[in-house]
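The values are calculated or read from the model by the stated rules, or taken from the named source; none is laboratory data. Being a predicted model, the structure only gives us computed values, none of them experimental. For neighbour counting, all protein chains shown are included, and Cβ atoms are generated from backbone atoms with ideal geometry for every residue, glycine included. To get the accessible areas, we keep the full protein, side chains included, count just its heavy atoms, and leave off ligands, DNA and RNA. Shrake-Rupley method; radii C 1.70, N 1.55, O 1.52, S 1.80 Å.
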Amino acid sequence: MKYIYLAIFFISSQINLAFANTNLSDSVVMIRSVNQGYNHTTPWKQEIMSQGVGTGFIISGNKILTNAHNIGNTKYVEVTLQRYAKRYPAKVVFAGHDCDLAIVEPIDKTFFNETSPLEIGQIPEINSKVSTYGFPVGGKLISVTEGVVSRIQMDTYSHPGADSHLVIQTDAAINPGNSGGPVIQNNKVVGVAFQGLRQADNIGYLIPTTVINHFLDDIKDNTYDGFGSLGFSYYPGLHSPSYKSFLKVPNEQQGVVVLNTQINTPAYNLLQPGDVLTQFDDYDIDNDGMIQIYGLRIGMSQVIEEKQIGENLNITFYRNGKKHQENAKILLNRPVIEYSRQYDSQPEYVVFAGLTFIKLSRDYLETWGRNWSSTMPHILKYLFQNASSINDESDRKCYAVLSEILPDQVNTYAKPFHNMPLESINNIEILDLNNIPEALEHPIDGNHIFKFIGHTIPLVINAKIATERHPIINNNYQIKNDSYLK
Amino acid sequence: MKNKHQFHILISLWTMLFPIIVIANTEQLLSDEIPFEDSLVYIESAVQKQSVYQPWKTEELKSKSFYGCAVSEYTILTTAQGVVDANFIKIKCKQSTQFIPVSITFIDINNNLCLLSCEPSSLPAPFKPISFSSDFNVGQPVEFYWFNRDAKSFKGRAIADDVMIKPSALSFNNQINYVVSNSSRQAGKSQLFCQKNKPIGLATWTNENNECGLIPAPVINLFLEDCLDGVFNGSASLGFASKSLIDPAHRSHLQLPKSTTHGVYISEIYSAGTGSKDLKPEDVLLEINNIKIDAYGRYIDSQYGEIGFEYLITNNPINISIPIKVWRNNNIIELHIMTETLNQTDMAIPFHQYNQRPEYMILGGLMFQTLTRPYINVWGEDESSRVSPYLYQYYKKMAFNPTKDRKEIVILSYVIPAQINLGYHKLRQVVLKSINGMSIRSLDDLPKAISLNKESDFITFEFENDNPVIVLPREQLSQADNEISQRYGINQLSYFRP
C-alpha cells in the first residue's frame, strides 16, 4: 500500500538560502492559511482549527494558482512574495478539490505590481530535468530543487482520496510546504508539486498541465464544475482469446469489456455489461484499457479527463458482434456514497430526538482513524465497497447512517443501532436525508419505527415523547438547527 | 454472601503469599490422594488437517495433548476439541505403561464431547468407570485431576464461581458452562473436575483471568444417555435467534400488555433446529415449560439460579415436545415445539468442517469451493476485516438460511494461472452464479452444469456483483487440466463428499 503525504507544512522559523532563478522566484507566492473543517459525526460542530503554509504562483489574469489542499476548509488566507515583508489577506476564488487545484486572489491587487505571470507549458518528456520552486519546511525563502521526470501515469490524488488523474513522478525533492509550487522546465510551468511517497526516498508527484488546463478552462465561466465521467466499470478481459471470441469481437480488435453501468449516469442507458469498448473519440483502446496520447501509454479515462462537463464523447463499441458508435455526454455523476473527501461546505444532517443522521461518506468513515478501512463496522464496509453494484434504486441519493446518539431518556435503548445504516422509518424507505423529516410525520400507532440495514430488530421511539424531548435535547446539546439539508 | 467474599479473599492471599508452597504441596500430596486415579487417562492425538485454501494439500502435522476419564470399562470421555481432525489417537493410563491406540466411538461437535474406546485386550485391567453428578454449588471449592504423559497423577484446586450460557468451543451451539476461578494449576484441557469428590464436568476453556469453563454433568449425561443404544442422535439445538426486549417503546409497539414484563424477541428463524418450524420473526417468547423468560432472555433455574433460556431447550434429547407460550399478533399463543438438532448440513455456510475434507473443483485453473466459516477464517480470527465484505455479508445473512435455490454458496476462490485462463488471473473470492446458463445451488451442480451446451465451443461461468464472465475453450480443457495438475503438483482436481 502506498502512503502518500501532502506537501503542506506547519509554520517553521528557520531561514533557508535560495538559489533560484530571480525572475521565476518573483512569481512564487507563500500562502498561509487557517483551516477548520466540520465534525463528520455531529456536523453542526466544527473541528479544531489548524494553520499551514504552502506555495502558489502567479498566472495570467492576476491569479495565484495553488493546491486545493493548501486552502481546504479555510477560514483565513494570506499571501506573501519573497521580496517583501508585507502580507496580503487573500480569498479563495475557486477550489477544485477533486484535482487539488485552487485559485487564490489577494484582496489588494497592488500585490501584483512588479510581478509577471508564469506561462503554462506542456507535459515534460520522461527523463527530462525539472526544477521545483516552493517554500518547503526548513526556511522562509524560496527553495529550488532539481530532479528528473521518471514516470507519467494515472494515480490517486490523496487530497480527495479517491479521484484519479494524470500525475508526473519526479525525483526532485518535494517536501511539506512545496505544495502548490510551480515545477519549471524551460521557464514554463510543467506541473504543480502536490504530494510525495512516504516509504520511498525522493519520490514526488506533480499535477501535469493537462489537469491544470482543464481546471483553468473549467473556471472560465466563473463556476468550477469538476471532472466528469460516464459511469461505468470495465474489465481488461480480452487477453483471453476465448472471451474475445465469445463476445464476437474480431480477432485483431483490442478493447475492454463493460462490467457495470451505474444508475443515473450517461452510460446507464447507452452501454450494457458485455459491450466491448474499442475507441474513445479517435483513440484506440488496447486490451489493458490504455490509449496512446502525448507520446505516452495512459489509461483510457484520460480522454474523458480532457473534456469539460457537458461535452460529448464518441464511443465505439462492439455488442453481439456488431460495431456501434454513440455519443455520450460527460457528466459529474456523483455516487450514492461519496468516496472523495469533501471540503468547504457543512455536511448535511438531520437530528431528531437526539438521533443524528448523516450521509454515509468517506469523511464519516475516516472518523474510525488511520485504519478506518479495516476497523469500521462490517455493514458499512460492505456498502462502501459494493454500493455501486448493489444499489438498484434510481431515487437513492445516499445511505443515511445513525452517526451519533445524544443520550436522553427517549433514546436510551438506541445504542445497538449506533453507526448503522438506515433502511426505513415508519416503513418509508430512506433514500435521502430529505426523506427523514417526511417519514417522521407518519408514526405508526404512536411510535416511530426505525429499521436498519443488517439489523433484525427495529428501534422504536415513542413519537409523543420524542416530540416533547426533541427541543429539550437540542437545547441541552446546543444544537441550533434540527437539520442542514442542501 | 459475606462469608463467600471472605473465603475468596483468603484463597487469594494464600495463592499470592505462598504460591511455591501450594504447588510443592499439591505435587507431593497427589499420589495417595487422587480419588479417580484408575479412571484418568492422558490422550495424545496426531492431527494433519486438509488445507482449506489448497484442499488437495495437507497442513503441517501437529500433536495435541489433553486428558479424559473413563465412563465404562473400555470407554473414555473427553472433549471433542482434542480429537477433531485427528489421524491417530493414543492414550496412557495407570493400568499400563504402554501407549494404547484408541478410536472415536461417538463425537458430538455441537456439545464438544467425545467417546473414545480401546480394545479390551490392550488393557491389563479395565478402567474404573465414573459417573457425573449434577450437584454444583457456587462458592464451594472444586478439585480437578489429570494423568500426564509421564504416568503421574495431578490435582488442582479452584472455586466454583458461576453458571453461564456460552457458545460451545467448536460450534454455534449455546451451551451451559460451569465456571470455576482461582485455579491452583492451569486447567482447560479436558481435566476432570469434582466437587465434594463427585465428578461434575470436564474443562473446556480457560482465560487470562484464571477462570476455567466446564462442560457440566447435565450435558455430559445427556450425551452418554444418547450413546447408550449405540446410535448417536445429538441433542436439541436452537432453531432461532433472539434479542433482549427491554425497550418499553418496542414492547408497546408489539402491543404487549404493560402487566407483561417478561418475554424475549425472536429476531431470526433458522432453516432447522428447535422452534424453526413453529416460531416466526417478531414473536415474543414468553414461557418455556411454564417457566417465564425475562426480557433479557433469562430465567430462574431451580438449581443454577438466573441463566439463559437456551438451557431449557438444549438440555433435551431430540424429538421431545416442549410447550412454549409466545406473543404473536396481540395474542398469547401456546405451541409445542419438537426438539431437533441443527447440523452443518442444515447451514448454507457451515460453521465448521471437522473431520471432513473441504470440497472443491478445479477446472481450467479455476478453483471453486464452497463458502464456509473455516474458509473465512483462513484470513485470521478477525475475519470480517480481512475477507471480502461481499462474502462476509453472505455469512452474516445466509449462514443459517439455505434455500431451495441456494443450498451452498459456491465461490471462485482464485485462479491458478495458466494459458487457458489468461486474462482472469487476478479474479478471486467471487460468488458463482451460473455455468452455461444453469444456476448453481451447490458445488454438486458443477459437473452437470459443465456438461451442458456441449455443442458450444465454450464453457461460460457467470458471477455475482458485476464480475466478468469467464469463458474457457471446451476442447482445450482436458489438456489444460492435465498440465495444471502436473505443473502445480495437484494430485486431485476435485473432491466431492460421498
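Chains A and B: buried accessible surface, both sides, probe 1.4 Å, rounded to 100 Å²?
For chain A against chain B, roughly 2800 Å² becomes buried.
With a 1.4 Å probe and all protein chains left in place, how much of the accessible area of segment B:240-338 comes from carbon and sulfur atoms, in whole percent?
47
Expressed as an acute angle from 0 to 90° and rounded to the nearest 10, what is the orientation of the C-alpha long axis of helix B:19-30 relative to the principal long axis of chain B?
80
Under the definition of partner shielding as Cβ atoms of other protein chains within 10 Å of a residue Cβ, what is the mean value for peptide B:241-252?
5
I need to check one value: relative contact order of segment A:300-356, counting alpha carbon pairs closer than 8 Å and at least 6 residues apart, in percent.
Taking the mean separation of contacting Cα pairs over the length of segment A:300-356, I get 25 percent.
Are there GluC sites (Glu not before Pro) in segment A:251-352 that DSSP marks as loop and that have at most 15 other Cβ atoms within 10 Å, and which are they?
Sparse-neighbourhood loop GluC sites (Glu not before Pro): A:Glu252, A:Glu311.
For the charge dipole of chain B, defined by +1 on Lys and Arg C-beta atoms and -1 on Asp and Glu C-beta atoms about the Cα centroid, which residue among B:Ala125, B:Ser184, B:Phe351 has the Cα displaced farthest towards the positive pole?
B:Ser184
If you stretched the chain out fully between A:Lys109 and A:Tyr84, how much longer would it get, using 0.36 nm times the residue separation minus the C-alpha to C-alpha distance?
Extending this stretch completely gives an extra 7.5 nm.
Considering only B:Val84, B:Phe66, B:Ile43, whose Cα is most displaced toward the positive end of the charge dipole of segment B:40-85, charges sitting on Cβ of Lys, Arg (+1) and Asp, Glu (-1)?
Final value for the positive-end residue is B:Val84.
Treat each spin label as a single point 7 Å out from the Cα along the C-beta direction, and report the A:Leu296 to B:Arg406 distance in nm.
So the two model labels end up 4.4 nm from each other.
Taking the dipole about the Cα centre of segment B:347-495, with the C-beta of Lys and Arg at +1 and of Asp and Glu at -1, give me whichever of B:Ser413, B:Asn465, B:Phe400 is farthest to the positive side.
So the residue furthest toward the plus end is B:Phe400.
Angle between the Cα long axis of helix B:217-227 and the longest principal axis of chain B, 0 to 90 degrees, nearest 10?
Orientation of helix B:217-227: about 60 degrees from the principal axis.
Could you give the size of the charge dipole of segment B:347-495 about its Cα centre, using +1 on the Cβ of each K and R and -1 on the Cβ of each D and E, expressed in debye and rounded to the nearest 20?
300
Please work out the average accessible area per residue across the protein assembly as shown, using the 1.4 Å probe convention, and give it in Å².
Value for the protein assembly as shown: 44 Å² per residue.
Round to the nearest 10 and give me the degree value, 0 to 90, for the angle of helix B:474-487's Cα axis relative to the longest principal axis of chain B.
50
Rounded to the nearest whole Å³, what is the per residue volume of the convex hull around the Cα atoms of segment B:240-338?
Residue-normalised Cα hull volume stands at 90 Å³.
Can you give me the Cα centroid spacing of segment B:255-319 and segment B:110-131 in angstrom?
When both Cα centres are located, 37 Å separates them.
May I ask for the net charge around A:Ser131, where only other residues with Cβ less than 13 Å from the Cβ of A:Ser131 are counted and Lys, Arg are +1 while Asp, Glu are -1?
Within the 13 Å Cβ shell, the charges total 0.
Once R0 is set to 51 Å, what does the formula 1/(1 + (r/R0)^6) return for the Cβ-Cβ distance between B:Gln486 and A:Ile390, expressed as a FRET efficiency to the nearest 0.05?
Calculated transfer efficiency: 0.80.
Which residues, if any, in segment A:440-476 have at least 50 Å² less accessible area in the whole protein complex than in the isolated chain, probe 1.4 Å?
For segment A:440-476, once contacts with the other chains are taken into account, A:Thr456, A:Ile457, A:Val460 lose 50 Å² or more.
Give me the percent relative contact order of segment B:240-338, please, defined on Cα pairs under 8 angstrom at least 6 residues apart.
RCO, segment B:240-338: 26 percent.
How much accessible surface does A:Lys359 have with a 1.4 Å probe, in Å² rounded to 10?
60
May I ask you to give the percent of accessible area on chain A that is carbon plus sulfur, with a probe radius of 1.4 Å?
On chain A, the fraction of accessible area on carbon and sulfur atoms equals 46 percent.
Applying 1/(1 + (r/R0)^6) with R0 = 51 Å to the Cβ-Cβ distance of B:Ser117 and A:Glu468, what FRET efficiency is obtained, to the nearest 0.05?
Efficiency, from the Cβ-Cβ distance: 0.15.
Filter A:Lys244/A:Lys322; A:Lys248/B:Lys433; B:Lys49/B:Lys152; B:Lys57/B:Lys454; A:Lys359/A:Lys451 down to the pairs with a C-alpha to C-alpha distance above 25 Å, please.
B:Lys49/B:Lys152; B:Lys57/B:Lys454
Shielding of A:409-418 by partners, i.e. mean partner chain Cβ atoms within 10 Å per residue?
2
Would you mind checking segment A:245-282 for residues with the amide N under 16 Å from a putative spin-label position 7 Å along Cα→C-beta of A:Asn314?
Once the point is set 7 Å along Cα→Cβ of A:Asn314, A:278-282 turn out to lie under 16 Å by backbone N, inside segment A:245-282.
Could you work out how far the C-alpha centroid of segment B:215-243 sits from that of segment A:34-104, in angstrom?
One Cα centre to the other: 69 Å.
Can you tell me the dipole magnitude for chain A around its Cα centre, using point charges on the Cβ only (Lys, Arg +1; Asp, Glu -1), in Debye to the nearest 20?
I would put it at about 840 debye.
Give the whole-number value, in cubic angstrom per residue, of the convex hull volume spanned by the C-alpha atoms of the protein assembly as shown.
Measuring per residue, one finds 227 Å³ for the Cα hull of the protein assembly as shown.
How many Cβ atoms of partner chains, on average, are near each residue of B:261-270 if near means within 10 Å of its Cβ?
Mean inter-chain Cβ contacts per residue within 10 Å come to 1.
Not counting ligands, DNA or RNA, and with a 1.4 Å probe, what is B:Ser242's accessible surface area in Å² rounded to the nearest 10?
40
Please report, in debye to the nearest 20, how large the charge dipole of chain B is about its Cα centre when each Lys and Arg carries +1 at its beta carbon and each Asp and Glu carries -1 there.
Dipole of chain B, to the nearest 20 debye: 440 debye.
Sorted by packing (mean other beta-carbon atoms within 10 Å per residue), highest first, where do B:40-46, A:130-136 land?
In decreasing order of mean packing, B:40-46, A:130-136 become A:130-136, B:40-46.
Could you check the simple spin-label distance between B:Ser103 and B:Gln48, using points 7 Å along Cα→Cβ, in nm with one decimal?
2.0
Could you check the spin-label model distance between A:Asn264 and A:Asn327? Points 7 Å from the Cα along Cα→Cβ, value in nm.
Here the answer is 2.6 nm between the modelled labels.
Just to confirm a number: summing +1 for Lys and Arg and -1 for Asp and Glu over residues other than A:Leu230 whose beta-carbon lies under 13 angstrom from that of A:Leu230, what do you get?
Cβ neighbours under 13 Å give a net charge of -3.
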